[in-house]
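I am attaching a structure below and will ask some questions about it afterwards.
The values are calculated or read from the model by the stated rules, or taken from the named source; none is laboratory data. As the structure is a computational prediction, the values presented were derived from the model and not from experiment. In this analysis, Cβ positions are derived from the backbone assuming ideal geometry, glycine residues included, and neighbour counts consider all displayed protein chains.
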Amino acid sequence: MPGNAAVFVTRHLSKVYRMGEVEVHALRGVDLELYPGEFVVLLGASGSGKSTLLNILGGLDVPTSGEVFYLDHNLSAASADDLTRFRREHVGFVFQFYNLIPSLTALENVSLVTEIADHPLDPIEALAMVGLKERINHFPAQLSGGEQQRVAVARAVAKRPDVLLCDEPTGALDYASGKIVLEVLDRVNRELGTTTVVITHNAAIAAMADRIIHISSGEIVEVKCNERKASPSELAW
Amino acid sequence: MVTWKMSALDRKLLRDLWHLRGQLLAVAAIVGCGIGVFLTMRGMYESLVHERADYYTQYRFADVFDNVKRAPESLAKRIATLPGVAAVQTGISLEVTLDVPGLREPATGQLVTIPQTGPALLNQIYIRRGRTVAPNATDEVLISEAFAQANNLEPGSHFEAVINGHWQRLNVVGIAISPEFIYVLRPTSGLPDDRRYGILWMGRNAVEHAFDMAGAFNNVAIALTKNASEADVISSLDRLLDRYGSLGAYGRIDHLSDKIISDEINQDRVYGFLVSGIFLAVAAFIINIVLTRLIATQRDQIGVLKAFGYSNGVVAWHYLKLVLVTLLIGTAMGIPVAYWMGNLLADIYRDFFHFPRLEWSLSPTGLISATAVCLVAALGGAYGALMRAARLPPAEAMLPEPPGRFRPTLIERLGFQRLLSVTTRMILRNLERRPIKALLSVLGIALAVAILVAGRYGVDALDRIIDIQFRAVQREDVMLEFANPRSANVRHAVRHLPGILTAEPFRAAPVRLRFQHRMRRTAILGLSPDGDLRAIVGLDYDRVSLPTEGLLLSAKLAETLGVVPGDRLTVEVLEGRRETSEVLVAGIVNDLVGISAYMTLPNLNRLLHEDATSSGAFVSIDPNLSTELYTTLKRLPTVRGVSVKAAMLANFKEVIARSMQVQTVMNIFFACVIAFGVVYNSVRIALSERGHELASLRVLGFTQREIAVILLGEQALMTAAAIPLGFAIGYGICAGVVAAINATQETFRMPLVLTAQTFAFAFVVVSIAAALSGMMIWGRLRRLDLVAVLKTRE
Ligand SMILES: Nc1ncnc2c1ncn2[C@@H]1O[C@H](COP(=O)(O)OP(=O)(O)OP(=O)(O)O)[C@@H](O)[C@H]1O
Ligand SMILES: [Mg+2]
């Protein structure tokens, strides 16, 4: 895959949160390239900066210094409107805290995104993919944490994004439903060639990635390529 | 079949609307009240302006008026040739004493002539019922509507009148109104009394014969040509009529009925704009707070929407729709309220103001401007909140709000922490952490308190007016007016009437006061320096004694003339020898009736170059002999007018108080709605903001009581802080309203008075609103779904 033009390129990416007198260096000079169709797993301790990196890649946040490119768009120099358009046209998110709209049902939460996408999946089909066909009319408060997470995954893939950014998509899931979600991500990655980045604390998931990136204290400390990608069905934890 | 698929975002809107229905309805109700009051007053204002203009044009209300002692009819032709005069109508008008069936006291009729043939050129009458008088009938009259209503007179009724010294029976053939007497008020009395004062229209010939006025007139009305100068016509008329005993020509601005309508219209405008402006401002303020907080509580949802590529514009529009729906509901509530109140008000107005037709109508421009004001304010509030949401990067917006940085409160830092329980500390820290928010909540409740205070102001003002006028100022029981000025020893004659305990003569003389280029017509009242039956009292009960020399003027009169004590005024006496002299302004009194001038009786007699003379007397009577006294007075030709204080007070209370009460009840009703809306919203928002925290506390083992104490304790504290602030703001609002009304109104001054009852009332209503809101929240706390709250963020 290296050799193709990278989808994402970051150069000396830094993010500093300032809270009064205290400065938190969430990212310290990250250089990274992500390639089309790649499945990348981000590993790292809690607080190491994974979510921060993912948010910047997805155009949810802007770096304090350094640059980030999506193809030929310089996201670090983009206006808020440009970032909105970028997210709308290219990115699917699964958030660490699900962030469903509490006043909308599962189906409506998915529709919320498909309605503004160009070639979306049918929302019901997307929910069926994550095994929630029976629960489409439930409100978030009527779903378990894991079910909410699966709705969040369905919401992210339903728009058929070019890049899929998932922050611990299986964090709250049991073994079986975790596998369903991973299969969905794998399928979207393979069939649509979606560049996929998955943050996880579950090292076993790393086996299904093309590359595994380790982050520690805001820096990339290790990048590993898998010789052979395991299929989700082969994983065990 | 056409299917319309609602977008997910609109579904969210509907659900948010439903979820927030209580709060939004409260806001809508406030908007409805604001718009309702505004439209009511605005519609009434426009109706009055419109009806007056129409009535004046259609029934040819004159522009300039004058009264003379007696002038030959041939003079009318000369008046008509004066430059600027378009039409002239002469007539005869006289006051006569009446004996109306069922009325103990004598009444006074203002006799006005109608031309022998055809309609009058000016000041035409509109016959409500019955017919006009037959050309040569000597015993037929048309009577004014208010007098007919007050005394249950109908065409076919009759009463007695002293016509040139003889009692004569007059038959009512019709009930009429005229643009000259839209508001019927006896010039010397200052307060309306429809039972004892009415207009009688009679044929010109009949009056000419009965009063020895053949070929003569004593009043004249003039219509001006389009570009005529009123001032020029007045002065040429004065020159022409001076030797016929003119009382001085005057324009509409000094026309009694027109002046009172103008004052009323002004007052409606002030009310319409100022009072409902305040209502709308409060409504807008609350919309602002609710939206700001709503958007703040939904900041993570805004983050998600933005994360998935919804633009700021779409997100903003989504929340604006919420505002628009609320405003729409509010407006929809306001319109029927306005219809209902407007018609109620018009009903009362019809008792005072006699137009051919007076209806309240919805003012489209008023509706548009009221809605626009609400909209602008609401959008203003939403804009601020949305900008805050838009500025947040979506990543941060989606994070749970960082735990607030609490610190020990001032009280704790001062070392009193031992005195405070944990819950009290939580309450205090929470308030201290977000002082601006707490302040805004306090301000919202304070505004509700303020409106309650201001809403009940009318009651206090009315009580004060009644107390000043009928207790402090008019200390007499009865005021007698003589047919002609009498020498001072008439006092002894008066004393010998049945039932009279004490009598004090007075002298009233019509004058024109001039200072520089400013001029005002009024009457100087000369009072006995040692008298006790009529006092000069300011709005603050400060009793002012008569100056030993010179004039004492009403503050409003002094203001219109631009004089201060020490200035010298030109006084043109408009009767008798019609002297003009310079008189010192010795003092100013801020009294209730705005355009009075007072002197001591001897000083006034000297000014008039007459011996001790009086034109009437104030008397106190023995109530047991009152019937006897009134019967005697009815038969006494030397007494032209009898004003009975108790009767006037009863009438005043019945008529004026009724209208003021309707307005006051209206204000209070709306103020209650606002108070409840504000307090409920404040608590409800606090609950939704802190539901999470409270549920967590419940999970940790706090009882429902304990969390209620935390939530409601905070609200109680804010309400307690808001009440004194609200008192102050309410006082300020009243001061503003009073200043605005008094700036435009001449006939009547509003006293600035707020009683302890009013403050107590505001306190009680807000406390009840707070208690009810607390109870409703208590119910919600019981239903607080701990699991759901912990699973999702509201
Ligand atoms: N809005 C913020 N303000 C201040 N500090 C922040 C903010 N967001 C993140 N941080 C800090 O930045 C660092 C990196 O945070 P980040 O959320 O990227 O960690 P993470 O690797 O995703 O951790 P986890 O696995 O626990 O989700 C942390 O130390 C965190 O406290
Ligand atoms: Mg994270």
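Go through (1) within 18 Å of A:Leu100 (Cα to Cα); (2) within 16 Å of ligand 1 (Cβ to nearest atom); (3) surrounded by fewer than 22 Cβ atoms within 10 Å (Cβ to Cβ) and name the single condition A:Ala128 misses.
Result: A:Ala128 fails condition (2) only.
Starting from segment B:302-325, keep only residues that are closer than 12 Å to A:Leu112 by Cα and at the interface with chain A (Cβ under 7 Å from one of its Cβ atoms), then list their pairs with residues that are among the hydrophobic types (A, V, I, L, M, F, W, C) and surrounded by fewer than 21 Cβ atoms within 10 Å (Cβ to Cβ) whose Cβ atoms are within a distance under 7 Å, requiring at least 6 positions of separation or different chains.
B:Gly309/A:Ile116; B:Tyr310/A:Ile116
Could you tell me how many of the residues in segment A:124-155 are at the interface with chain B (Cβ under 9 Å from one of its Cβ atoms) and either over 20 Å from A:Leu173 (Cα atoms) or under 17 Å from the mean Cα position of the chain (by Cα) (or both)? It would help to see each step written out before you state the result.
Quick first cut of segment A:124-155, residues at the interface with chain B (Cβ under 9 Å from one of its Cβ atoms) only: A:139-145, A:148, A:155.
Still in the running and either over 20 Å from A:Leu173 (Cα atoms) or under 17 Å from the mean Cα position of the chain (by Cα) (or both): A:148, A:155.
So the answer is 2.
Can you name every residue in segment A:199-234 that is closer than 16 Å to A:Glu183 by Cα and not aliphatic (A, V, I, L, M)? Explain how you work it out, then say what you get.
Keep residues of segment A:199-234 that are closer than 16 Å to A:Glu183 by Cα, which gives A:199-200, A:202, A:204-210, A:229-234.
A:Thr200, A:Asn202, A:Asp210, A:Lys229, A:Ser231, A:Pro232, A:Ser233, A:Glu234, listed by residue number.
Please find, within segment A:160-172, the residue that is farthest from ligand 1 (Cβ to nearest atom) out of those that are within 20 Å of A:Ile136 (Cα to Cα) and either surrounded by fewer than 23 Cβ atoms within 10 Å (Cβ to Cβ) or within 14 Å of chain B (Cβ to nearest Cβ) (or both). I'd like the intermediate steps shown before the answer.
Taking segment A:160-172 first, the residues within 20 Å of A:Ile136 (Cα to Cα) are A:160, A:169-170, A:172.
Now narrow it down to the ones that are either surrounded by fewer than 23 Cβ atoms within 10 Å (Cβ to Cβ) or within 14 Å of chain B (Cβ to nearest Cβ) (or both): A:160, A:172.
Details: A:Arg160: 26, A:Ala172: 13 Å.
The selected residue is A:Arg160.
A follow-up question, please. From the list A:Val94, A:Val41, A:Val24, which one is modelled with pLDDT under 90 and either closer than 30 Å to A:Leu173 by Cα or within 16 Å of ligand 1 (Cβ to nearest atom) (or both)? Even if it seems obvious, please write down each step before you answer.
Values: A:Val41 fails: modelled with pLDDT under 90; A:Val24 fails: modelled with pLDDT under 90.
It is A:Val94.
Of everything in segment B:1-16, what is among the aliphatic types (A, V, I, L, M) and more than 14 Å from chain A (Cβ to nearest Cβ)? Give them in sequence order. Give the steps one after another, and end with the answer.
So in segment B:1-16, the residues among the aliphatic types (A, V, I, L, M) come out as B:1-2, B:6, B:8-9, B:13-14.
Within segment B:1-16, B:Met1, B:Val2 qualify.
On to the next question. Given the condition within 13 Å of ligand 1 (Cβ to nearest atom), more than 7 Å from every other protein chain (Cβ to nearest Cβ), in a helix (DSSP H, G or I) and within 23 Å of A:Thr170 (Cβ to Cβ), answer yes or no: does some residue in segment A:108-117 qualify? Write out each step before concluding.
Within segment A:108-117, the first condition is being within 13 Å of ligand 1 (Cβ to nearest atom), and the residues that meet it are none.
So far as segment A:108-117 goes, no, none of its residues is within 13 Å of ligand 1 (Cβ to nearest atom), more than 7 Å from every other protein chain (Cβ to nearest Cβ), in a helix (DSSP H, G or I) and within 23 Å of A:Thr170 (Cβ to Cβ).
Six or more apart or on different chains, Cβ atoms under 6 Å: show the pairs whose first residue is in segment B:55-82 and within 26 Å of B:Phe211 (Cβ to Cβ) and whose second is surrounded by fewer than 16 Cβ atoms within 10 Å (Cβ to Cβ) and at pLDDT below 95.
Matching pairs, first to second residue: B:Glu73/B:Gly215.
Tell me yes or no: at least one residue of segment B:134-142 is under 11 Å from B:Ile175 (Cα atoms), in contact with a Gly (Cβ under 9 Å, 6 or more places away or on another chain) and touching a residue at least 24 places away in the same chain (Cβ under 8 Å).
Taking segment B:134-142 as the starting set, the residues that turn out to be under 11 Å from B:Ile175 (Cα atoms) are B:141-142.
Add one more test, that the residue is in contact with a Gly (Cβ under 9 Å, 6 or more places away or on another chain), and what stays is B:141-142.
In the following step, the residues that additionally are touching a residue at least 24 places away in the same chain (Cβ under 8 Å) were identified as B:141-142.
Yes: segment B:134-142 contains one or more residues that are under 11 Å from B:Ile175 (Cα atoms), in contact with a Gly (Cβ under 9 Å, 6 or more places away or on another chain) and touching a residue at least 24 places away in the same chain (Cβ under 8 Å).
Would you point out which residue out of A:Ala45, A:Ala77 is within 16 Å of ligand 2 (Cβ to nearest atom) and more than 14 Å from chain B (Cβ to nearest Cβ)?
Numbers: A:Ala77 fails: within 16 Å of ligand 2 (Cβ to nearest atom).
The unique qualifying residue is A:Ala45.
Quick check: is even one residue across segment A:1-14 in contact with a helix residue (DSSP H, G or I) (Cβ under 9 Å, 6 or more places away or on another chain) and within 16 Å of ligand 2 (Cβ to nearest atom)?
For segment A:1-14, residues in contact with a helix residue (DSSP H, G or I) (Cβ under 9 Å, 6 or more places away or on another chain) and within 16 Å of ligand 2 (Cβ to nearest atom): absent.
Any idea which of B:Glu140, B:Glu95, B:Glu73 is closer than 25 Å to B:Asn484 by Cα and buried (at least 16 other Cβ atoms within 10 Å of the Cβ)?
That would be B:Glu95, the only listed residue that is closer than 25 Å to B:Asn484 by Cα and buried (at least 16 other Cβ atoms within 10 Å of the Cβ).
Among the residues of segment A:66-76, is any out of contact with any Pro (no Cβ under 9 Å at 6 or more places or on another chain) and closer than 17 Å to B:Val304 by Cβ? Write out each step before concluding.
Our first condition is that a residue be out of contact with any Pro (no Cβ under 9 Å at 6 or more places or on another chain); within segment A:66-76, this holds for A:66-74.
If we keep only those that are closer than 17 Å to B:Val304 by Cβ too, we end up with none.
Checking segment A:66-76: not a single residue is out of contact with any Pro (no Cβ under 9 Å at 6 or more places or on another chain) and closer than 17 Å to B:Val304 by Cβ.
Scanning segment B:17-74 for residues that are over 32 Å from the mean Cα position of the chain (by Cα) and in a loop (DSSP other than H, G, I, E, B), which turns out farthest from the other protein chains (Cβ to nearest Cβ)? Please lay out each step first, then the result.
Taking segment B:17-74 and keeping what is over 32 Å from the mean Cα position of the chain (by Cα), we get B:17-23, B:68-74.
If we keep only those that are in a loop (DSSP other than H, G, I, E, B) too, we end up with B:20, B:73-74.
Working: B:Leu20: 10, B:Glu73: 85, B:Ser74: 87 Å.
Ranking the qualifying residues of segment B:17-74, first place goes to B:Ser74.
Listed here are the residues, each with its yes/no results for (1) over 16 Å from A:Thr195 (Cα atoms); (2) crowded, with 22+ Cβ neighbours inside 10 Å.
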{"site": "A:Ser48", "(1), (2)": "yes, no"}
{"site": "A:Leu60", "(1), (2)": "yes, yes"}
{"site": "A:Pro63", "(1), (2)": "yes, yes"}
{"site": "A:Phe69", "(1), (2)": "no, no"}
{"site": "A:Ala80", "(1), (2)": "yes, no"}
{"site": "A:Arg85", "(1), (2)": "yes, no"}
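Residues that are among the β-branched types (Val, Ile, Thr) and assigned to a loop (DSSP other than H, G, I, E, B): does segment B:572-585 have at least one? Step through it out loud before you land on a result.
Quick first cut of segment B:572-585, residues among the β-branched types (Val, Ile, Thr) only: B:573, B:580, B:583, B:585.
Those still in the list that are assigned to a loop (DSSP other than H, G, I, E, B) too: none.
For segment B:572-585, residues among the β-branched types (Val, Ile, Thr) and assigned to a loop (DSSP other than H, G, I, E, B): absent.
So which of A:Thr10, A:Thr105 is more than 13 Å from ligand 1 (Cβ to nearest atom) and at pLDDT below 90? Don't jump to the end; show me each part of the working.
On the way: A:Thr10 fails: at pLDDT below 90.
Just a single option satisfies the conditions, and that option is A:Thr105.
If you don't mind, another one. Of the numbered conditions (1) within 18 Å of the chain's Cα centre (by Cα); (2) within 16 Å of ligand 1 (Cβ to nearest atom), A:Glu219 fails exactly one; give the number of that condition.
(1)
Results for (1) buried (at least 24 other Cβ atoms within 10 Å of the Cβ); (2) within 14 Å of chain B (Cβ to nearest Cβ); (3) free of Cβ contacts under 8 Å to residues at least 12 places away in the same chain, shown as yes or no for each residue.
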{"position": "A:Pro102", "(1), (2), (3)": "no, yes, no"}
{"position": "A:Ala158", "(1), (2), (3)": "yes, yes, no"}
{"position": "A:Ala176", "(1), (2), (3)": "no, no, yes"}
{"position": "A:Glu191", "(1), (2), (3)": "no, no, yes"}
{"position": "A:His201", "(1), (2), (3)": "no, no, no"}
